[in-house]
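The values are calculated or read from the model by the stated rules, or taken from the named source; none is laboratory data. Computed from a predicted structure; not experimentally measured. All Cβ positions, even for glycine, are placed from backbone atoms using ideal geometry, and neighbour counts span all protein chains on display.
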């Protein structure tokens with residue numbers, strides 16, 4: 001009986017792994033549950049510890065994106081109107097739509113990051129239109145808040161998260177207010193099924209390599 005070649009085993013494992021990680025997209029309503037799924041993360045708190053000016057400030061898109069360098073900001077309701085409020089929260093004119101891009105971070109690739117989460121202390125009707133790494137889109141509703149009690153919205157996906165358009169239905173607007181705080185991006189912990197398949201796959205490759213090595217042994 002001929003043994004499978006290592007590259008054939010590798011191809012088999014590569015074909016099985018995506019189905020094992022077929023978790024697609026998961027949403028979270030609490031930060032604790034979201035953070036528990038991350039192996040590494042970064043949180044932008046929009047305060048002086050992250051390099052922002054104290055108090056109220058307005059900054060254009062490019063220099064604002066460069067302050068932390070983990071997220072690209074594009075204000076779409078108003079142009080170049082990124083506001084940091086005196087309480088250390090972010091808004092795009094405070095009643096304008098905006099886009100966030102995660103295609104140039106130290107926690108992801110050009111196709112995005114595995115997880116994004118944030119607090120929304122004020123939301124009068126914004127939604128999140130997510131663009132995934134495969135360029136498909138999906139609209140998610142963000143819970144409405146009135147500024148008295150913050151809500152949390154988190155998202156992780158095996159397709160990666162490349163960008164999010166914030167606005168009613170994910171569209172542009174210059175009305176209704178939305179405030180963002182504690183923006184977290186990160187890498188998700190692989191699911192147990194994924195780890196199991198990886199271990200099995202690498203075990204098969206190792207066993208095949210040993211068998212091939214043994215088959216080359218020649219007895220004089």
May I ask you to say which residue of 34, 64 is crowded, with 20+ Cβ neighbours inside 10 Å, modelled with pLDDT of 95 or more and within 13 Å of the chain's Cα centre (by Cα)? 34
Anything in segment 80-95 that is touching a strand residue (DSSP E or B) at 6+ places or on another chain (Cβ under 8 Å) and either under 21 Å from residue 49 (Cα atoms) or outside any loop (DSSP other than H, G, I, E, B) (or both)? List them, or say none. 82, 83, 84, 85, 88, 89, 90, 91, 92
For segment 96-123, name all the residues that are surrounded by fewer than 17 Cβ atoms within 10 Å (Cβ to Cβ) and part of a loop (DSSP other than H, G, I, E, B). 104, 106, 110, 111
